[in-house]
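Working notes, structure below.
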Amino acid sequence: MSVVIVNLVGSVVLGTAVLLVGVWGRRNAASLLPATLPTEHRRRKVVVYRRGALACQIAGVLLISVGVVSTLL
């Protein structure tokens, strides 16, 4: 039983951390880039950063889901 709880807590904590990094990255994508980049290059990089942040959010939700589902089964 304790192994199940450790797996649940580990997956949920890791998933929550990855999800929060994704939320933070999506909000701050524009401010993470240096101001010296040309405008067009900057716009493209913001899109890339936001896409990566979305991937983190999806991975976080999947980790949380795996932890919960594995506990229920």
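The values are calculated or read from the model by the stated rules, or taken from the named source; none is laboratory data. A quick note: this is a predicted structure, and the numbers were derived from the prediction, not measured. Here the Cβ positions follow ideal geometry from the backbone for every residue, glycine too, while neighbour counts run over all protein chains shown. Only protein heavy atoms, including side chains, enter the accessible area calculation; ligands, DNA and RNA are left aside. Shrake-Rupley method; radii C 1.70, N 1.55, O 1.52, S 1.80 Å.
Structure notes:
Here's the yes/no breakdown for (1) at pLDDT below 90; (2) over 14 Å from the mean Cα position of the chain (by Cα):
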site	(1), (2)
Leu8	yes, yes
Gly15	no, no
Leu20	no, no
Arg26	no, no
Ala35	yes, yes
Arg43	no, yes
Ala55	no, no
Val68	yes, yes
Leu73	yes, yes
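Residues checked against (1) open to solvent by 50 Å² or more (accessible area, probe 1.4 Å); (2) small (Gly, Ala, Ser):
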{"site": "Leu20", "(1), (2)": "yes, no"}
{"site": "Gly25", "(1), (2)": "no, yes"}
{"site": "Ser31", "(1), (2)": "yes, yes"}
{"site": "Pro34", "(1), (2)": "yes, no"}
{"site": "Pro38", "(1), (2)": "yes, no"}
{"site": "Arg44", "(1), (2)": "yes, no"}
{"site": "Val47", "(1), (2)": "yes, no"}
{"site": "Gly52", "(1), (2)": "no, yes"}
{"site": "Ala55", "(1), (2)": "yes, yes"}
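- Restricting the range 57-66 to residues that are among the aliphatic types (A, V, I, L, M) and within 11 Å of the chain's Cα centre (by Cα), the residue that is surrounded by the most Cβ atoms within 10 Å (Cβ to Cβ) is Leu63.
- Applying the criterion of at least 2 residues that are in contact with a Leu (Cβ under 9 Å, 6 or more places away or on another chain) and of a type in the set (Lys, Arg) to the helices (runs of 4 or more DSSP H) found wholly in the chain leaves 39-72.
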